[in-house]
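Trainee: Please see the structure below; I have some questions.
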Amino acid sequence: MSSMSSAPVMPAPGPATVRLALIKTGIECYGLDTVREELFPILRSAPVRVRPPERVAISQHLLRGYKWREDKAKRRTVQESIMVREMAHASGPMTVYLQVPQAYERRLSVVLRAVGYWGQSSSLACCLGVREAPPVPGECALPLTLLNGTISLRPYFSCLATEFRTDRLSWNELVADDDVHSTKALRLDVYIWPMVTEYRQGTQKLLMRVPLAVSAQ
Amino acid sequence: MTENSRTQIYELSVNALVSWQAHSLSTAGSQGTNRLLPRRQLLADNTQTDAVSGNISKRHHAALAAEYFAAEGCPLCPACRVGDGRRAAALIDLPDYQALSLERIVRECALCDAHGFLVTARNADSEAGTAARQKLSKTTLLDYTYALALPGRHAETGQLHTRVGASDGEGQMLMKISARSGEYALCVRYRCVGVGADTERWQLFVKDQAERERRHRAILRALRDSLVSPDGAHVATMLPHLTGLSGAIMVRTSVGRSPVYSALEGDYVARLRAMTDETCRIYPFESVDAFYSVMNEFIATSVPATHPFWKGEGTGSDTQGNG
């Protein structure tokens, strides 16, 4: 959960971030109309799985933040405060698994290759390759609701991640026009990541990828 | 670059290894002590390294770019003219800017266009008598990584400084400020094609190509200067000694990304070189003057690419523009 003054980091982007990045980059590659009419119906409902990098180190940074406030006399004043931002450094590639109809494979390959960042624009990324493969079992982040009590959650990293509210989301619900008020297009789910904390000191921690193991019970 | 006198650049990235000696460009504050703490980042191999925040580098570029925009005759909004970090969001209370639109901001301010802005949405408030406001935003065209010191290639020396308090009662204070030195990996990405345009819906607002080129030149000049003349915190008394700059500039000439690969990996130039193709070129540099020359050549000969959706649009003068 992030706020204006605090933004914890995730080991890798969540499913809604992946969909939104593909929609944004798709518009750059194919235009707004093509994405809205042809790619969006696929992207909103395609199963997305994210396999995090092998190791992710997380550090907390304090940054200076400024906020403009209006007092009772309508005077605008600047307030200085401290913001907390977590930054991640990863080792090894992240894999995004996207299940799409074969007819869309070529076009979505172009879009995937053109994604320059996932989520934050300062998290620079480049695509190393696009190929057909099933997700590696146990090595992708999963929503808690899918685990169904079969996995011992204790050692694994968990956090809230966004997902599209429904796989039938309409374009206008996601992209608010000038006349349309934005709606709740996204929902929050608890995600369990196949990562355990290998090292922790103060506000710094190192996560290592470990496959989600089925509980002995 | 010389084979084509007008290189169209869609996107450009600078992948650099910078050596700074005795600096304190970015700090994590004092946390209530008399010691100014350096910024630190944990790496995935479990080593802790020195860091310089990307925010500070980006702010430095914006300040430099504003000067170059003014020199090139590019328009700046009243907020950017006086260095107000809110940019377009500072205009909403001004009487002349009540009907603010994305197109107007992009056309009338080169700095808001290049570094982005956010005017937040607001619901109508009948008690306060304020009308509803739509969110207006443009994402920045320049993305900065944190500068991260190569593990084992950085050092820190504690320096004792005296500081006089703000009042007589505070007296003289002793402050411990660290002077840091090291070789830092730094990447910058510049999406040239987005100059004068809405990069969400890919609409061209600044249709005068000459104005887009002026903005592009100013951005490149500021990018060149920000690397050869470092700026950040504590430069008044701890201006870094720049002792090395090497790396590679990657240029994408049509739709797609210019690769970024960090100098944290020793073979980064080789990896970048291996990614070149007919639309992705590499310009390696091994010294500060080589970087300066490559950037000067880009400033003299490159133009921001025209997106395929705008063919036939960005050619003549902008009839509605004021640039």
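Trainee: Which of the following residues is more than 27 Å from A:Met4 (Cα to Cα) and of a type outside the set (Ser, Thr, Tyr): B:Leu37, B:Leu25, B:Leu64? Spell out the reasoning first.
Mentor: Values: B:Leu37 fails: more than 27 Å from A:Met4 (Cα to Cα); B:Leu25 fails: more than 27 Å from A:Met4 (Cα to Cα).
Of the residues listed, the single one that is more than 27 Å from A:Met4 (Cα to Cα) and of a type outside the set (Ser, Thr, Tyr) is B:Leu64.
Trainee: Another question, then. Restricting attention to region A:21-46, report how many residues are within 14 Å of chain B (Cβ to nearest Cβ), without any contact (Cβ under 8 Å) to a residue 12 or more places away in the chain and surrounded by fewer than 22 Cβ atoms within 10 Å (Cβ to Cβ).
Mentor: Residues meeting the conditions: 5.
Trainee: Filter region B:231-255 down to the residues that are crowded, with 21+ Cβ neighbours inside 10 Å and part of a loop (DSSP other than H, G, I, E, B) and list them by number.
Mentor: B:Gly232, B:Pro240
Trainee: While we're looking at this one, here's another question. Condition check: within 11 Å of chain A (Cβ to nearest Cβ) and in a loop (DSSP other than H, G, I, E, B). Does B:Leu264 satisfy that? Steps first, please.
Mentor: Values: within 11 Å of chain A (Cβ to nearest Cβ): yes; in a loop (DSSP other than H, G, I, E, B): yes.
For B:Leu264, the condition - within 11 Å of chain A (Cβ to nearest Cβ) and in a loop (DSSP other than H, G, I, E, B) - is met.
Trainee: Being under 21 Å from B:Arg212 (Cα atoms) and in a loop (DSSP other than H, G, I, E, B) is the filter here, so list the residues in region B:73-94 that pass it.
Mentor: Within region B:73-94, B:Gly73, B:Cys74, B:Pro75, B:Leu76, B:Cys77 qualify.
Trainee: Considering each of A:Arg76, A:Arg64, A:Arg113, A:Arg49 in turn, give the residue that is among the charged types (D, E, K, R), surrounded by fewer than 19 Cβ atoms within 10 Å (Cβ to Cβ), under 19 Å from the mean Cα position of the chain (by Cα) and facing another protein chain (nearest Cβ under 9 Å). Explain how you work it out, then say what you get.
Mentor: Numbers: A:Arg76 fails: under 19 Å from the mean Cα position of the chain (by Cα); A:Arg64 fails: under 19 Å from the mean Cα position of the chain (by Cα); A:Arg49 fails: facing another protein chain (nearest Cβ under 9 Å).
After applying the criteria, what remains is A:Arg113.
Trainee: Have a look at B:Arg189, B:Arg281, B:Arg221 and point out the one that is of a type outside the set (Ser, Thr, Tyr), surrounded by fewer than 23 Cβ atoms within 10 Å (Cβ to Cβ) and within 23 Å of B:Ile56 (Cβ to Cβ).
Mentor: Of the residues listed, the single one that is of a type outside the set (Ser, Thr, Tyr), surrounded by fewer than 23 Cβ atoms within 10 Å (Cβ to Cβ) and within 23 Å of B:Ile56 (Cβ to Cβ) is B:Arg221.
Trainee: With in contact with a His (Cβ under 7 Å, 6 or more places away or on another chain) and within 8 Å of another protein chain (Cβ to nearest Cβ) as the only criterion, which of A:Ala57, A:Ala90 stands out? Write out each step before concluding.
Mentor: Numbers: A:Ala90 fails: in contact with a His (Cβ under 7 Å, 6 or more places away or on another chain).
Exactly one residue qualifies, and that residue is A:Ala57.
Trainee: Name the residue that is farthest from the chain's Cα centre (by Cα), counting only residues in region B:23-50 that are hydrophobic (A, V, I, L, M, F, W, C) and facing chain A (nearest Cβ under 8 Å). Give the derivation first.
Mentor: Step one: of region B:23-50, the residues hydrophobic (A, V, I, L, M, F, W, C) are B:25, B:28, B:36-37, B:42-44.
Filter once more, keeping what is facing chain A (nearest Cβ under 8 Å): B:28, B:42-44.
Values: B:Ala28: 21, B:Leu42: 24, B:Leu43: 24, B:Ala44: 26 Å.
Checking each candidate, the answer is B:Ala44.
Trainee: Right, here's the next one. Any idea which of (1) part of a helix (DSSP H, G or I); (2) of a type in the set (Gly, Ala, Ser); (3) modelled with pLDDT under 95 is the one B:Gly321 doesn't satisfy?
Mentor: Going through (1) part of a helix (DSSP H, G or I); (2) of a type in the set (Gly, Ala, Ser); (3) modelled with pLDDT under 95 one by one, B:Gly321 breaks only (1).
Trainee: Does A:Arg106 count as part of a strand (DSSP E or B), more than 9 Å from every other protein chain (Cβ to nearest Cβ) and without any contact (Cβ under 8 Å) to a residue 12 or more places away in the chain? Full working, then the answer.
Mentor: Values: part of a strand (DSSP E or B): no; more than 9 Å from every other protein chain (Cβ to nearest Cβ): yes; without any contact (Cβ under 8 Å) to a residue 12 or more places away in the chain: yes.
The answer is no for A:Arg106.
Trainee: Are any of the residues in region B:95-111 without any contact (Cβ under 8 Å) to a residue 40 or more places away in the chain, in a loop (DSSP other than H, G, I, E, B), on the phi < 0 side of the Ramachandran plot and of a type in the set (D, E, K, R)? Let's see the steps before the verdict.
Mentor: Our first condition is that a residue be without any contact (Cβ under 8 Å) to a residue 40 or more places away in the chain; within region B:95-111, this holds for B:95-101, B:104-105, B:109.
Next, from what is left, pick out any that are in a loop (DSSP other than H, G, I, E, B): B:98-101, B:109.
Filter once more, keeping what is on the phi < 0 side of the Ramachandran plot: B:98-101, B:109.
Cutting the leftovers down to of a type in the set (D, E, K, R) gives us none.
Taking every residue of region B:95-111 in turn, none turns out to be without any contact (Cβ under 8 Å) to a residue 40 or more places away in the chain, in a loop (DSSP other than H, G, I, E, B), on the phi < 0 side of the Ramachandran plot and of a type in the set (D, E, K, R).
Trainee: Also: For region B:257-265, state whether one or more residues are of a type outside the set (A, V, I, L, M), more than 24 Å from B:Gly73 (Cα to Cα) and free of Cβ contacts under 8 Å to residues at least 24 places away in the same chain.
Mentor: Among the residues of region B:257-265, at least one is of a type outside the set (A, V, I, L, M), more than 24 Å from B:Gly73 (Cα to Cα) and free of Cβ contacts under 8 Å to residues at least 24 places away in the same chain, which makes the answer yes.
Trainee: Of these, B:Leu220, B:Leu242, which one is under 30 Å from A:Gly31 (Cβ atoms) and touching a residue at least 40 places away in the same chain (Cβ under 8 Å)?
Mentor: B:Leu220
Trainee: Separate question: Pull up region A:116-145, narrow it to residues that are within 14 Å of another protein chain (Cβ to nearest Cβ) and not in a loop (DSSP other than H, G, I, E, B), then point me to the one that is farthest from A:Pro15 (Cα to Cα). Before you say what the answer is, go through the steps one by one.
Mentor: Taking region A:116-145 as the starting set, the residues that turn out to be within 14 Å of another protein chain (Cβ to nearest Cβ) are A:116-130.
From what is left, the residues that are not in a loop (DSSP other than H, G, I, E, B) are A:117, A:124.
Working: A:Tyr117: 14, A:Leu124: 18 Å.
The qualifying residue farthest from A:Pro15 (Cα to Cα) is A:Leu124.
Trainee: Does B:Met295 fit the bill of being farther than 16 Å from B:Leu12 by Cβ, in contact (Cβ under 8 Å) with a residue 60 or more places away in the chain and of a type in the set (A, V, I, L, M)? Step through it out loud before you land on a result.
Mentor: Values: farther than 16 Å from B:Leu12 by Cβ: no; in contact (Cβ under 8 Å) with a residue 60 or more places away in the chain: yes; of a type in the set (A, V, I, L, M): yes.
When the stated conditions are applied, B:Met295 does not pass them.
Trainee: Test of understanding: among B:Ala128, B:Ala166, which residue is at the interface with another protein chain (Cβ under 10 Å from one of its Cβ atoms) and over 25 Å from the mean Cα position of the chain (by Cα)? So that I can check it myself, show each step before the final result.
Mentor: Numbers: B:Ala166 fails: at the interface with another protein chain (Cβ under 10 Å from one of its Cβ atoms).
Criteria check complete, one pass: B:Ala128.
Quick grid of which residues meet (1) without any contact (Cβ under 8 Å) to a residue 60 or more places away in the chain; (2) hydrophobic (A, V, I, L, M, F, W, C):
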site: B:Leu118; (1), (2): yes, yes
site: B:Ala121; (1), (2): yes, yes
site: B:Glu127; (1), (2): yes, no
site: B:Leu136; (1), (2): yes, yes
site: B:Thr139; (1), (2): no, no
site: B:Pro151; (1), (2): no, no
site: B:Ala155; (1), (2): yes, yes
site: B:Leu160; (1), (2): yes, yes
site: B:Val164; (1), (2): yes, yes
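Trainee: Can you find even one residue in region B:190-211 that is touching a residue at least 24 places away in the same chain (Cβ under 8 Å), part of a strand (DSSP E or B), aliphatic (A, V, I, L, M) and away from chain A (no Cβ under 14 Å)?
Mentor: no
Trainee: From B:Leu118, B:Leu148, grab the single residue that is closer than 30 Å to B:Gln203 by Cα, among the hydrophobic types (A, V, I, L, M, F, W, C), assigned to a strand (DSSP E or B) and under 21 Å from the mean Cα position of the chain (by Cα). Outline the logic, then answer.
Mentor: Values: B:Leu148 fails: closer than 30 Å to B:Gln203 by Cα.
Sole residue among the options that is closer than 30 Å to B:Gln203 by Cα, among the hydrophobic types (A, V, I, L, M, F, W, C), assigned to a strand (DSSP E or B) and under 21 Å from the mean Cα position of the chain (by Cα): B:Leu118.
The values are calculated or read from the model by the stated rules, or taken from the named source; none is laboratory data. It should be emphasised that the depicted structure is a prediction, and the values quoted were computed from it without experimental measurement. In this analysis, Cβ positions are derived from the backbone assuming ideal geometry, glycine residues included, and neighbour counts consider all displayed protein chains.
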